[in-house]
1. Place the label 7 angstrom along Cα→C-beta at residue B:170 and in each other copy, then list the distances from the first to the rest in nm, shortest first.
2. Give me the angle, in degrees from 0 to 90, between the Cα long axis of helix B:50-65 and the longest principal axis of the Cα atoms of chain B, rounded to the nearest 10.
3. Need one value for B:123-136: mean number of C-beta atoms belonging to other chains within 10 Å of its residues' C-beta atoms.
4. What shape does the stretch B:140-190 take by its C-alpha gyration tensor, where a ≥ b ≥ c are the square roots of the eigenvalues and a/c under 1.5 counts as rounded, a/b above b/c as prolate, and the rest as oblate?
5. Going by a ≥ b ≥ c, the root eigenvalues of the Cα gyration tensor, does the stretch A:83-135 fall in the rounded group (a/c under 1.5), the prolate group (a/b larger than b/c) or the oblate group?
6. Calculate the length of the line joining the C-alpha centroid of the stretch B:137-190 to that of the stretch A:97-147, in whole Å.
7. Using a simple spin-label model with points 7 Å from Cα along the Cα→Cβ vector, what separation in nm is obtained for residue A:96 and residue B:136?
8. Using all C-alpha to C-alpha distances in chain B, build P(r) with 5 Å bins and read off the rounded percent in each one.
DNA sequence: GGATTTTTAGCACGATCGTTCGTACGCTGT
DNA sequence: ACAGCGTACGAACGATCGTGCTAAAAATCC
């Protein structure tokens, strides 16, 4: 593996954290370079444009999210158990602060929902992969309306992120309780 | 009333919309001045600093939110009816696009949850006023855990905003259904 | 309607934005 | 040891950021 690839990873590692707290637009090349003790131009050369940096950052965030939340939950059998595992892993990952600035997807999707272009499309794809997977597991679990359950879980988790960062940490336990209640109905089904 | 006050209102009207879609930081004085066919310095003189402009924008957004959602719902008696009215008005206001860029609070709270300072405090106060009012009405309605219900409603409405802007409009009906279900328990209580 | 007090515009500033270019360093292969 | 290439750096670009200063224009008051 060339040296370029490893520094690229180092850059993106930091970039993901910066973007999760400052936003993908607030993520500036100069600040990022300073943080890493690199020159602006040296860093820039790895991507060619700011938009490419943003897209690479989204990709890196998706990889981190997958490694931290999705993959561990895949140890559980499909359907209700895996759905439960997804939720628990997600809330754990919020609590542990996997991303420095809270949920990466919450921050970036709020930022780019109004700006058409490749960046918005990439964020959308990331969120869609997550909600789609929730819906798929809900369907396997035999829920009558998987899309609705997926929406509810996604919302509660979004709210947990927003409230825990802005208002109080109680939000996380509220979210846990609400999600548990929503998943309880799965028990007297299978 | 001096002329300044009316132009200030004109500015803030536009500023609120711009901030709801570009964010409070992406809201730039030059862009705002261009939009209104004013000079940068002429506009700037009304506020003295960008932070003051941001704070005034938050205040104006709160006023619009109150006029559009809170006040109309106050026609209903306190407790369950008013709680229901709040939710309906809120979803209506999302659907009607009262703010150009979706829910103002969703956008700004995601942006500033990590940046301490007066702006974050003002956003926090605005959100807190809203969730606090939800909780108050839930308490009057006799809910056993008002904070939990307030959190759930807030989350669902946040999710409705995010999903409807990024994924699909179906989110609004999902939110309506989920909230209705959550409020149903209020019926066999009073 | 002239004087005075707002209110707006023009211009310039230092800083920082994304981006380009030329160049020097450190590998690797011969 | 030397050439070639990949990688990082420094300087500079035009543009735009937020922010002052000063003068013109407009609104207000007597």
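Values in this text are rule-based calculations from the coordinates and carry no lab data. Predicted, not measured: the structure shown is a model, and the values here were computed from it. Quick reminder, even Gly has a Cβ in these numbers, built from the backbone with ideal geometry, and neighbours come from all protein chains shown.
1. 3.5
2. It is inclined by approximately 40 degrees.
3. Numbers: counts 1, 3, 0, 0, 4, 3, 0, 0, 5, 1, 0, 0, 0, 0.
Other-chain Cβ atoms within 10 Å of each residue's Cβ, averaged: 1.
4. Values: a/c = 4.98, a/b = 2.12, b/c = 2.35.
Note, shape of the stretch B:140-190 comes out oblate.
5. Numbers: a/c = 3.48, a/b = 1.48, b/c = 2.35.
Note, shape of the stretch A:83-135 comes out oblate.
6. The distance from the Cα centre of the stretch B:137-190 to that of the stretch A:97-147 comes to 20 Å.
7. 4.1
8. Calculated over all Cα pairs of chain B, the distribution is 1, 8, 16, 19, 17, 15, 11, 7, 4, 2, 1, 0 percent.
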